[in-house]
1. Which residue pairs have Cβ atoms under 7 Å apart, sit 6 or more places apart or on different chains, and have a first residue in region 35-62 that is outside any strand (DSSP E or B) and a second that is small (Gly, Ala, Ser)?
2. May I ask you to say which residue of Phe11, Phe5 is surrounded by fewer than 10 Cβ atoms within 10 Å (Cβ to Cβ), on the phi < 0 side of the Ramachandran plot, at pLDDT below 90 and part of a helix (DSSP H, G or I)?
Amino acid sequence: MQVVFADAGKFLLIAGMAAVICGLFLLFLSRTGHTDLLAWIGHLPLDMKLERENFSLYFPLGTSILLSILLSLVAYLINRFIH
């Protein structure tokens, strides 16, 4: 049982550090005025947007697929280096 807690602790520390690094990167971008670097998020080819008179639906399928691939790659690399 102690091994499970140690692995979970390592994962939480890495995830926390990654969140801090991403947050610092976003703060840096906003302070330097380069927010257009991330403007493509939500505007990929498979992102769907439906707007009607009393209804709007936004389904970011392309962005979700891209983020899933990137996060899977990061998780694979972290797992590879930990073990």
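1. Leu44/Gly62; Pro45/Gly62; Leu46/Gly62
2. Values: Phe11 fails: surrounded by fewer than 10 Cβ atoms within 10 Å (Cβ to Cβ).
Matching residue, one of Phe11, Phe5: Phe5.
The values are calculated or read from the model by the stated rules, or taken from the named source; none is laboratory data. Here the structure is a predicted model, which means the values were calculated and not measured. So basically every Cβ, Gly included, is an ideal-geometry build from the backbone, and we count neighbours across all protein chains shown.
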